[in-house]
């Protein structure tokens with residue numbers, strides 16, 4: 001699992017965050033490619049019921065493990081279900097899980113980073129030590145153990161991911177807050193007596209958005225990898241729901257007969273994660289050229 | 001230096017405490033009594049007397065903090081409990097499988113260095129070129145492709161389509177050294193390529209930093225060939241930060257071993273852990289989680305201390 005690390009020497013953006021991001025994406029080839037991949041996959045996932053050639057649960061026991069045919073472009077699985085249809089529906093599961101995992105991880109990490117950075121002092125030391133402790137644990141292993149304890153199912157994967165995946169957000173936000181808090185407009189807000197939490201919400205957070213978006217993109221990629229890994233081992237999505245990781249595992253059993261059965265889901269996982277990583281990496285480079293190709 | 005070491009040690013101790021609590025809590029998350037649930041197959045659960053006896057035996061009637069302290073004190077003394085699945089001492093199970101996984105890691109590290117260091121070096125020396133772009137994009141590929149898929153693709157290409165390697169299996173080294181190594185090539189390659197990407201990125205940024213320094217200009221000015229400037233003067237200091245990567249990649253390698261050992265049927269720690277997870281064999285899971293995290297913690301601590309010795313600036317910050 002990739003560690004997320006955005007060095008926070010980033011210059012403070014002028015103009016709105018959205019304009020900045022849009023121009024950054026345009027300037028960076030990698031980020032544009034990533035965005036195209038993300039948008040196309042999201043469209044496929046959204047439109048799955050309309051464009052899917054078959055129902056992903058319809059079994060055709062006369063055409064089991066068929067391999068590619070004119071009717072079934074990618075072939076069928078061990079129960080005669082259309083593989084293309086299952087991959088399209090699997091996109092929904094993967095993207096949804098990726099987004100939810102990231103959302104909950106951000107909901108824990110961002111407030112912790114914000115409080116550590118803005119309040120500082122003892123609070124900062126304590127929160128950062130806890131963050132360090134969590135960074136020591138290999139997340140995938142702990143997520144597996146926790147989903148095993150809570151029982152199989154996507155809900156538990158998302159919960160476990162949130163518990164172990166928030167550290168990246170906390171560190172990025174803290175770094176950015178340390179930069180922003182000394183700026184004149186924050187000082188002005190403090191001087192005019194704006195309450196602490198209002199300053200954080202209205203003035204500090206908007207100025208940390210750009211690096212947060214980079215982190216979101218990379219975390220979604222990581223979460224999709226984790227979900228497919230957990231499903232591959234059999235703890236995530238439960239049958240008959242289609243999931244890329246699950247298909248890959250079942251397909252592996254039939255690798256010698258129909259290689260596409262396990263190879264195709266892997267292409268989907270890799271492509272999706274690649275999209276999010278390209279977007280995140282490219283965006284970071286574009287936001288701060290000094291960090292080009294630096295450690296991630 | 002003494003102050004630096006003591007602060008590092010204090011941090012490490014705090015992390016170990018958090019770790020112990022966390023691992024204990026995870027085992028208790030399972031609804032009902034984890035031990036009773038796991039033993040339901042082997043013990044007559046309809047007999048209240050038997051249930052009571054098992055509860056007392058495992059200390060389930062004590063308050064939770066007593067249970068925690070007892071578990072911790074036993075664990076520190078080397079009593080890691082008995083596996084619910086096999087009835088074996090967890091420590092023995094662990095020690096028996098450790099060499100297998102360590103062999104896998106050793107080969108994986110060799111692959112990782114053999115691929116990552118040259119890639120990062122070339123990328124740094126040809127900075128902003130097409131080759132640099134291709135190599136650095138390649139490193140993103142390394143973290144985006146799931147290791148289990150890479151393994152399956154390689155099995156398909158090199159064990160089924162072109163039967164060069166065995167598709168899976170493990171032969172103990174003492175039984176047949178040659179077969180042992182042949183069987184380890186594919187699994188270790190998959191693990192190695194995954195940390196090679198990270199390594200290449202570190203080497204690249206580190207070489208770029210070093211190559212801009214005065215002593216490199218001096219080396220060039222006194223007429224050394226570019227080859228010896230790079231290999232003798234630039235690469236050595238540039239490799240120091242690379243120590244960090246080993247701290248970082250241990251964790252991901254262990255996670256990778258979960259999948260790799262399942263796919264290639266290697267009887268190591270990864271496979272033992274996955275089996276334990278499915279059997280809800282919590283003594284085994286707890287031992288693995290602690291061993292794995294302690295390992296990473298110790299590697300990181302060693303890296304920190306090594307840094308303090310190698311680079312005096314670190315001690316102050």
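Read-outs: derived from the displayed coordinates by stated rules, not from any lab. Because the structure is a prediction, the values reported are computed rather than measured. Cβ placement follows ideal geometry from the backbone for every residue including glycine, while neighbour counts extend to all protein chains displayed.
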Note to self: C-alpha centroids of the stretch A:26-43 and the stretch B:91-161 sit apart, in Å, by 26 Å
Computed over chain B: longest principal axis from alpha-carbon atoms vs helix B:90-125 long axis, angle to nearest 10 degrees, is 20 degrees
Using alpha carbon positions and the Kirkwood radius, the Rg to Rh ratio of chain A is 1.05
Nearest-0.05 FRET efficiency for residue A:155 and residue B:221 at R0 = 45 Å, using Cβ-Cβ distance, is 0.10
FRET efficiency (residue A:79, residue A:43; Cβ distance; R0 25 Å; to 0.05) is 0.35
Checked chain B against the a/c 1.5 cut and the a/b vs b/c comparison, axes a ≥ b ≥ c from its Cα gyration tensor; verdict oblate
Mean separation of Cα contacts under 8 Å (at least 6 apart) over the residue count of the stretch A:181-296, i.e. the relative contact order in percent, is 23 percent
Note to self: C-alpha centroids of the stretch B:209-231 and the stretch A:72-124 sit apart, in Å, by 47 Å
So the angle from the long Cα axis of helix B:2-28 to the longest Cα principal axis of chain B, reported in degrees to the nearest 10, equals 40 degrees
Here the relative contact order (percent) of the stretch A:48-202, from C-alpha pairs under 8 Å and at least 6 apart, is 21 percent
To the nearest 0.05, the calculated FRET efficiency linking residue A:201 and residue B:66 through their beta-carbon distance, R0 being 41 Å, is 0.40
Length-normalised contact order of chain B, Cα under 8 Å, at least 6 apart, in percent, tallies to 25 percent
Here, residue B:17 and residue B:96, labelled 7 Å along Cα→Cβ, have an inter-label distance in nm of 3.8 nm
So for the stretch B:41-194, using the alpha carbon gyration tensor with a ≥ b ≥ c as root eigenvalues (a/c under 1.5 gives rounded; past that, a/b versus b/c decides prolate or oblate), I'd call it prolate
Quick note, the protein assembly as shown: a/c under 1.5 would make it rounded; otherwise a/b > b/c is prolate and the rest oblate (a ≥ b ≥ c, C-alpha gyration tensor); here it is rounded
